[in-house]
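The values are calculated or read from the model by the stated rules, or taken from the named source; none is laboratory data. Quick caveat: nothing in here was measured; it's all calculated off a predicted structure. We place every Cβ from the backbone using ideal geometry, glycine too, and count neighbours over all the protein chains shown. For accessibility, only protein heavy atoms count, side chains too; no ligands or nucleic acids. Shrake-Rupley method; radii C 1.70, N 1.55, O 1.52, S 1.80 Å.
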Amino acid sequence: SCVAFLRLPSRSSSVSPDVEQGSAVSGGRSAFPPPRGVGIAYDERMALHRNIEMPNHPEQPDRIRRIFARLEEEGLVERCVRLRCREATRPELELKHTARHVDAVLRIEGLSEAEAVLEGKQYNSVYLSPDSTQAALLSAGSVVEATKQVCDGEVASAVCVVRPPGHHAECDCAMGFCLFGNVAVAAAEARRQGWSERALIVDWDVHHGNGTQNMFEEDDSVLYFSTHRYDGGAFYPGGSLGHFTSHGKGAGEGYSVNVPFDVKGAMRRGCPAPADAELLEAFHRILLPICKEFKPDLIFISAGFDAAAGDPLGGCGVTPAGYFEMTRLLREVQPRIVLALEGGYNLESISNSTAACARALLGDAGPGGVATELTSACQPFHADLVEDAREHLVKFWPCLAKLADPLRVPKTALEGGSLAMQLELQNYAQATGGNLAALRERHEAMLFKLQDVPPVTPLAGGSARHRALRRSFAQSGSSNEGGPWLVPVLELKSLDQAVRSASKAFATGVNGLWLVNSGQAYVPQQAGLGLPAEVFRTQFKVEPPRPKLRAKAKSTPSEISKEPGKAQLQALQECFAAVRERFPDRWLGVIIPQLPCDQAFAWLAKHCPSADGLWLRDFSVRPAELEWEGERTLRLQRWLTIHDQPELSGIRRARQASGWLGLVFGSVATQGQEIVHHEQNEDQMGAACQALLRQAALLTASVCDAVVTSSSLPAPGTTPLKVQAASAAQPLAVQCAGQESLSWSFPQTAMDAIFPDGLQDASLEEWDEASLLSVIQSLSCKREIPSVV
């Protein structure tokens, strides 16, 4: 193979005024002539390397053709110095590759196409053709020659539009589209020739450069820095080498610096993939501080553009503006830069990105021809990964210690009791000068895994549930068609009291009534003699169906009296029948505290089939498994779904089996229910409490038509935080003490119904009828019904 030489313009030729002239740089060679601009290495012969079986393979010849064409279109080639490419020599290649591997690549050009295809199949993700030998030699040799010209001062920096790429190639084999380690060979030659004493290799390809790291793993004269997609070691090339704990060996300990990003983990949390802000976060918090201590005299950029937005393999979102900024930052560290193409498989993205990098090396103010704004601020999920890497590297690079993120929650603050954790947060905030309040917010988010809240599918869409609620009250003659509806809870004592109280309530204009027997009504009455006025729980035996031999005898009054719970149910049934007979067209709902939720449907369908609603006040839903410290919620173990709570599915099945067609209301965080969070009834509550309430409400809406929560009297014109959180699962009803409902003034958009509790004769007489009518009138105004929940 022939060895070409660089053909440079004569000394008298003019240089574009846009090209920065540069100056000598300390380190490496002691002095050199003023640089003449930016060199570009490109040779069409590298496009002859191709995949014979799959012409449209991602690593295709058009990659370098399109890039060079874009550089010409934008006038960048004209502004730069064209470098003639040459093939690498055996002594250069054997600096980082075994003689056996060099022989294997040289042998390919003598194979037939069919033999070359078979040869490629013995490697990991490699294809070969007879022209692969020349392309690989040109790719490696061009980077070496460009490095020589930069270090000799003939050009300030260089852009090498080369293929095949190189950072996956190991010392003894080809791998991952790569045949020779182009940048690794050039860095080794720079060291051998005395051009460089401290070289920095920045690899921003979306895949970890396993070959490059392995070749310098024990070398402290070369600092290897890589940002890449890792996904827990599942992303190519896989394994643990790309983790930040893989930091080099022996003398090279700390000189392999990896910043692994977890794209799949981010997607599971609804977080965008890494983009400009995330890579720049790694630059500012890790690379640039290390560079101040390492002081590189030569920088190589393994410029893979498969982390670019639109790349078919990378799944990330880096823009040309991001690549421009990273190149500009590196140029400020050390202007002697050799940029060599690695991966990148969207032809438009790699063309725009390479042009942006060339403009940065030329000293332009921006990437030109593309969006100049960087993507949004670094996502906390990715920032945490960068911080993990920084913390690990502090023991090798003490300069990183002072860069602790003031909003980073220390791991010591995630263990132990609440007091110990708060002390750790306070000490950390004082040490870093961070904002303690902001730190506490992040601490709460981590303790309660607020980024991992699972999605919940409601029983029906929010609009459908609102329509069902409106239709239910409209059929009962309610005047305020759009709600909110005032539906007091009527405590039953006797048939006469039930009808009398219902008459008074409907006379004032309430929109409906809930009937409940809280333990004061019995049928027969003697069943309650000597018993406290409380609910007695009961249940019906569920037996497998069997052939009927004879009709089962009905329970006698004496048998019922032995079961106080059943006597209370009998009283509820008769009171409901009496009120329904008196008010056949009004909205009547039933609360059945005597029965388990899943048995209430069958009883209701049999004994109160005309009921418009069933309120499951003892409804049990758990949004998460929590760890408690006394009466305080300490931390979340895991979020729960409907599949973790078979009782929810049991309620849905029981409802369907009963055939009853009314509306079902389920309580969330009301009195008597399991506490969701210790702050649930407080005026001030944190993000964790609100998230748990929202999740509990959504889980309830997965089996119920509407959600009911309780609230005390709010400040005028405000909506309680508890109500705001529960309103994620509309329609929403609010349970309150009877008299308090007359004073409520929070925005009506927060609720669909008000359920005043404890309505009896005495309480009705205490109510100011004029005030109650005023409330009814105010609730009758139209309000906007949310279309999506």
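Here are the numbers for the structure shown:
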{"quantity": "Test set (1) on the phi < 0 side of the Ramachandran plot; (2) more than 27 Å from the chain's Cα centre (by Cα); (3) at pLDDT below 95 - Q680 fails condition number", "calculated": "(2)"}
{"quantity": "Of residues in the stretch 353-363 being out of contact with any Cys (no Cβ under 8 Å at 6 or more places or on another chain) and under 14 Å from S157 (Cβ atoms), the one surrounded by the fewest Cβ atoms within 10 Å (Cβ to Cβ)", "calculated": "G363"}
{"quantity": "Among the residues listed as P320, P312, P335, the single one being more than 21 Å from A186 (Cβ to Cβ) and either touching a Lys or Arg at 6+ places or on another chain (Cβ under 6 Å) or surrounded by fewer than 23 Cβ atoms within 10 Å (Cβ to Cβ) (or both)", "calculated": "P312"}
{"quantity": "Subset of the stretch 484-518 (residues that are under 22 Å from G666 (Cβ atoms) and surrounded by fewer than 21 Cβ atoms within 10 Å (Cβ to Cβ))", "calculated": "S518"}
{"quantity": "Qualifying position, being open to solvent by 40 Å² or more (accessible area, probe 1.4 Å) and more than 20 Å from S418 (Cα to Cα), among A657, A706", "calculated": "A657"}
{"quantity": "Residue in the stretch 377-393 that is more than 30 Å from E348 (Cβ to Cβ), in a loop (DSSP other than H, G, I, E, B) and not small (G, A, S) present", "calculated": "no"}
{"quantity": "All positions within the stretch 573-600 that are farther than 19 Å from Q520 by Cα, open to solvent by 20 Å² or more (accessible area, probe 1.4 Å) and among the hydrophobic types (A, V, I, L, M, F, W, C)", "calculated": "F583, C597"}
{"quantity": "In the stretch 641-668, the residues that are touching a Lys or Arg at 6+ places or on another chain (Cβ under 7 Å) and without any contact (Cβ under 8 Å) to a residue 60 or more places away in the chain", "calculated": "Q645, V664"}
{"quantity": "The lone exception for C171 - which of (1) under 40 Å from the mean Cα position of the chain (by Cα); (2) open to solvent by less than 20 Å² (accessible area, probe 1.4 Å); (3) not aliphatic (A, V, I, L, M) it fails", "calculated": "(2)"}
{"quantity": "Members of the stretch 519-535 found to be at positive phi and open to solvent by 20 Å² or more (accessible area, probe 1.4 Å), listed by number", "calculated": "G530"}
{"quantity": "All positions within the stretch 89-125 that are assigned to a loop (DSSP other than H, G, I, E, B) and over 15 Å from D172 (Cβ atoms)", "calculated": "T89, L111, S112, K121, S125"}
{"quantity": "Count of the stretch 149-167 residues which are open to solvent by less than 10 Å² (accessible area, probe 1.4 Å) and either part of a helix (DSSP H, G or I) or not hydrophobic (A, V, I, L, M, F, W, C) (or both)", "calculated": "9"}
{"quantity": "Hits in the stretch 126-148 (condition: in contact with a Ser or Thr (Cβ under 8 Å, 6 or more places away or on another chain) and part of a loop (DSSP other than H, G, I, E, B))", "calculated": "P130"}
{"quantity": "Meets criteria (among the hydrophobic types (A, V, I, L, M, F, W, C), modelled with pLDDT of 90 or more and under 21 Å from L698 (Cα atoms)) for V453", "calculated": "yes"}
{"quantity": "Total residues in the stretch 154-207, condition closer than 26 Å to L48 by Cα and β-branched (V, I, T)", "calculated": "6"}
{"quantity": "Complete set of residues in the stretch 131-145 that are in contact (Cβ under 8 Å) with a residue 60 or more places away in the chain, of a type in the set (A, V, I, L, M, F, W, C) and under 14 Å from E92 (Cα atoms)", "calculated": "A136, L137, L138, V143"}
{"quantity": "Members of the stretch 113-160 found to be out of contact with any helix residue (DSSP H, G or I) (no Cβ under 7 Å at 6 or more places or on another chain) and more than 30 Å from V77 (Cβ to Cβ), listed by number", "calculated": "E113, A114, E115, V117, L118, G120, K121, Q122, Y123, N124, S125"}
{"quantity": "Subset of the stretch 177-198 [crowded, with 24+ Cβ neighbours inside 10 Å and either more than 18 Å from I337 (Cβ to Cβ) or charged (D, E, K, R) (or both)]", "calculated": "F177, C178, L179, F180, G181, E189"}
{"quantity": "Answer residue from the stretch 479-529, given it is touching a residue at least 40 places away in the same chain (Cβ under 8 Å), of a type in the set (A, V, I, L, M, F, W, C) and in a helix (DSSP H, G or I) and is farthest from P593 (Cα to Cα) among those", "calculated": "F506"}
{"quantity": "When residues of the stretch 683-692 are limited to those that are out of contact with any His (no Cβ under 7 Å at 6 or more places or on another chain), part of a helix (DSSP H, G or I) and of a type in the set (A, V, I, L, M, F, W, C), the one farthest from L616 (Cα to Cα)", "calculated": "A687"}
{"quantity": "Qualifying residue in the stretch 680-698 (condition: under 29 Å from A474 (Cβ atoms) and open to solvent by 10 Å² or more (accessible area, probe 1.4 Å))", "calculated": "yes"}
{"quantity": "Strands (runs of 3 or more DSSP E) contained in the stretch 610-682 and holding at least 3 residues closer than 26 Å to A753 by Cα", "calculated": "613-616, 663-668"}
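Yes or no, residue by residue, for (1) at pLDDT below 95; (2) closer than 13 Å to S351 by Cβ; (3) assigned to a strand (DSSP E or B):
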residue	(1), (2), (3)
P34	yes, no, no
I52	no, no, no
P58	no, no, no
R63	no, yes, no
A69	no, yes, no
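This table checks each residue for (1) among the polar types (S, T, N, Q); (2) at pLDDT 85 or above.
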position	(1), (2)
L692	no, yes
S711	yes, no
P716	no, no
A728	no, yes
T749	yes, no
L759	no, no
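Here's the yes/no breakdown for (1) among the β-branched types (V, I, T); (2) open to solvent by less than 20 Å² (accessible area, probe 1.4 Å); (3) without any contact (Cβ under 8 Å) to a residue 40 or more places away in the chain:
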site: G344; (1), (2), (3): no, yes, no
site: S351; (1), (2), (3): no, yes, no
site: A365; (1), (2), (3): no, no, yes
site: L374; (1), (2), (3): no, no, no
site: L385; (1), (2), (3): no, no, no
site: H392; (1), (2), (3): no, no, no
site: L400; (1), (2), (3): no, yes, no
